[in-house]
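Right, one structure below, let's go through it.
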Amino acid sequence: MGRLEGKVAIITGGNSGVGSATAKLFAKEGAKVVISARRQAQLEEVAAAIKEAGGEVLPVVTDISKKGDADKLVAKTVEVYGKVDILINNAGVLEEGLKPIDRFTDEDLDRIVEINQKGTMYCMRAATAEMEKTGYGSIVNVASIAGVMGCGGAAYVSSKAAVIGITRHTGLRFAGTNIRCNAVCPGTIVTPMVAGTNPATLDADMMGQMAKHSDMKVQPCMPDDVANILLFLASDESRAITGQAICTDFGGTL
């Protein structure tokens, strides 16, 4: 308890899955939590649960794929709490199926890059501007094992590989300033987004190739598994770690 006492944390995609679990855990550990997502009703449900447990939370409806929304999210956080100590870039989307490089659609690519890559970068740009004012910050990006191993649809893989790249860039950019940036790369996570995948749309060829390079019998991550790692990387316990992408897939790709 109290590992984030006095800290202000923004968590994107805080309406369900990993984002919801992380928001609840961070609030329990003493952080003032700002949760964002596009769907207000779900945000309010998570906020109500946090408040009921005695935590402090501010829900802010945000579409990170829209230019300016990230700026407004950070500005609202500073307006209410005076600073930004932690940014968890968790918001992200999948494509329908696992379309490989020779079959991806322009529509999927545009939508996924706008949210997973551009949205993450927009939030980082806005948050680091505030972190520089206080000389402190921890950014943790939720990437994916797909960005490391290439196991997934081409559009999704490219977006998560970009997140890993910008994580390393940001770690380098702010090395020595007490502003850190790391990424978590989970394997399959049991969340509503993944549960909504239609098996009938999965590309059989891509599934076959992925099966050659991973042990699909290994258990998937639960949202709490990822939230616990995000807590460590957000806290001062990991203050020596920056620019790293940590794979968290129970060894499924070893």
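Couple of notes before you dig in:
- Selection from region 39-92 of residues that are part of a helix (DSSP H, G or I) and either open to solvent by less than 30 Å² (accessible area, probe 1.4 Å) or among the polar types (S, T, N, Q) (or both): GLN40, GLN42, LEU43, VAL46, ALA47, ILE50, ALA70, LEU73, VAL74, THR77
- Some residue of region 2-10 being surrounded by fewer than 24 Cβ atoms within 10 Å (Cβ to Cβ) and part of a helix (DSSP H, G or I): no
- Residue count for region 131-159, restricted to those that are assigned to a helix (DSSP H, G or I) and open to solvent by 10 Å² or more (accessible area, probe 1.4 Å): 11
- Residues of region 163-200 classified as polar (S, T, N, Q), in contact with a Leu (Cβ under 8 Å, 6 or more places away or on another chain) and modelled with pLDDT of 95 or more, total: 1
- Residue satisfying all of: in region 32-51; among the hydrophobic types (A, V, I, L, M, F, W, C) and more than 20 Å from ALA75 (Cα to Cα); nearest to the chain's Cα centre (by Cα) among these: VAL46
- Filtered by the rule that a residue be modelled with pLDDT of 80 or more, touching a helix residue (DSSP H, G or I) at 6+ places or on another chain (Cβ under 8 Å), under 15 Å from PRO186 (Cβ atoms) and crowded, with 18+ Cβ neighbours inside 10 Å, region 201-247 gives PRO223, VAL226, ALA227, LEU230, LEU231, ALA245, CYS247.
- Of all residues in region 96-121 being under 20 Å from the mean Cα position of the chain (by Cα) and buried (at least 22 other Cβ atoms within 10 Å of the Cβ), the one that is farthest from ALA146 (Cα to Cα): GLY119
The values are calculated or read from the model by the stated rules, or taken from the named source; none is laboratory data. Values in this document were obtained by computation on a predicted structure and should not be read as measured data. Note that we place each Cβ from the backbone using ideal geometry, even for glycine, and neighbour counts take in every protein chain shown. To get the accessible areas, we keep the full protein, side chains included, count just its heavy atoms, and leave off ligands, DNA and RNA. Shrake-Rupley method; radii C 1.70, N 1.55, O 1.52, S 1.80 Å.
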